[in-house]
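Written out below as structure tokens is the structure these notes cover.
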Amino acid sequence: MMVLLVWLHVLAAVSWIGGTIFLSVVLVPVLRREPFASQRALLFRTIARRFRAVVWGAIAVLLFTGPPLLHQRGIPIADPSGWPMILVAKLGLVTILLLLTLTHDLILGPRVGRILRLTTESRTRFDQALVLWSPWVARFSLVLALVILFAAVLLVRT
């Protein structure tokens, strides 16, 4: 049973992180090329919405499988004072990543989508700043996910 939980946990992390790497390293650069210019926004929005379901499914699996895996390793789930420092750091980073993901999916993404449908002249300075900085939220989330993955490897090795 534990092997299945570990497998599901790793599969969820790989799906989320791997998909995010694919979007940023493969999809976005390809969509920036000229043949895709007219359909860029529609393609990216469609793919991102589909990937959002994968991300939230992965989050559910990670949150469901994490506590039993910790319990199996003898880490007292209900007593944070008994947690290794790497676990405390990892869970803190996970909390930040979940808040960023919620903000991106429920607030920033929809807002930027509406802004991009406006003419450039009708956008406020704040609108322009949101459009400029929104990709950086996704990039920061990817870096944060990679740090969390590293913390997970350290946790398993302790």
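The values are calculated or read from the model by the stated rules, or taken from the named source; none is laboratory data. For clarity, every value in this text was computed on a predicted model and none was experimentally measured. All Cβ positions, even for glycine, are placed from backbone atoms using ideal geometry, and neighbour counts span all protein chains on display.
I need a count of the residues in the stretch 127-142 that are hydrophobic (A, V, I, L, M, F, W, C), under 16 Å from the mean Cα position of the chain (by Cα) and surrounded by 12 or more Cβ atoms within 10 Å (Cβ to Cβ).
Residues in the stretch 127-142 being hydrophobic (A, V, I, L, M, F, W, C), under 16 Å from the mean Cα position of the chain (by Cα) and surrounded by 12 or more Cβ atoms within 10 Å (Cβ to Cβ): 4 in total.
Can you work out which of the residues in the stretch 17-48 that are polar (S, T, N, Q) and surrounded by 11 or more Cβ atoms within 10 Å (Cβ to Cβ) is nearest to residue 61 (Cα to Cα)?
In this case the residue turns out to be 20.
Say whether the condition of being at pLDDT 90 or above, β-branched (Val, Ile, Thr) and surrounded by 11 or more Cβ atoms within 10 Å (Cβ to Cβ) is met by at least one residue in the stretch 119-126.
No, because not a single residue in the stretch 119-126 is at pLDDT 90 or above, β-branched (Val, Ile, Thr) and surrounded by 11 or more Cβ atoms within 10 Å (Cβ to Cβ).
Could you pull out the residue among 120, 65, 101, 158 that is more than 23 Å from residue 15 (Cβ to Cβ) and touching a residue at least 24 places away in the same chain (Cβ under 8 Å)?
Among 120, 65, 101, 158, only 158 is more than 23 Å from residue 15 (Cβ to Cβ) and touching a residue at least 24 places away in the same chain (Cβ under 8 Å).
Would you be able to tell me the number of residues in the stretch 11-32 that are touching a Lys or Arg at 6+ places or on another chain (Cβ under 9 Å) and either outside any helix (DSSP H, G or I) or touching a residue at least 24 places away in the same chain (Cβ under 8 Å) (or both)?
Result for the stretch 11-32: 2.
In this structure, is residue 107 more than 30 Å from residue 1 (Cβ to Cβ), aliphatic (A, V, I, L, M) and in a helix (DSSP H, G or I)?
It is true that residue 107 is more than 30 Å from residue 1 (Cβ to Cβ), aliphatic (A, V, I, L, M) and in a helix (DSSP H, G or I).
Residues are listed down the side, and each one gets a yes or a no for (1) in contact with a helix residue (DSSP H, G or I) (Cβ under 7 Å, 6 or more places away or on another chain); (2) modelled with pLDDT under 90; (3) charged (D, E, K, R):
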{"position": "4", "(1), (2), (3)": "no, no, no"}
{"position": "8", "(1), (2), (3)": "yes, no, no"}
{"position": "18", "(1), (2), (3)": "no, no, no"}
{"position": "25", "(1), (2), (3)": "no, no, no"}
{"position": "36", "(1), (2), (3)": "yes, yes, no"}
{"position": "41", "(1), (2), (3)": "yes, yes, no"}
{"position": "44", "(1), (2), (3)": "yes, yes, no"}
{"position": "47", "(1), (2), (3)": "yes, no, no"}
{"position": "52", "(1), (2), (3)": "yes, no, yes"}
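Any chance you could count how many residues in the stretch 57-100 are of a type in the set (S, T, N, Q) and either at positive phi or at pLDDT 95 or above (or both)?
Within the stretch 57-100, residues that are of a type in the set (S, T, N, Q) and either at positive phi or at pLDDT 95 or above (or both) number 2.
Report yes if residue 59 is in contact (Cβ under 8 Å) with a residue 60 or more places away in the chain and in a helix (DSSP H, G or I), otherwise no.
Here the answer is no, as residue 59 does not meet what is asked.
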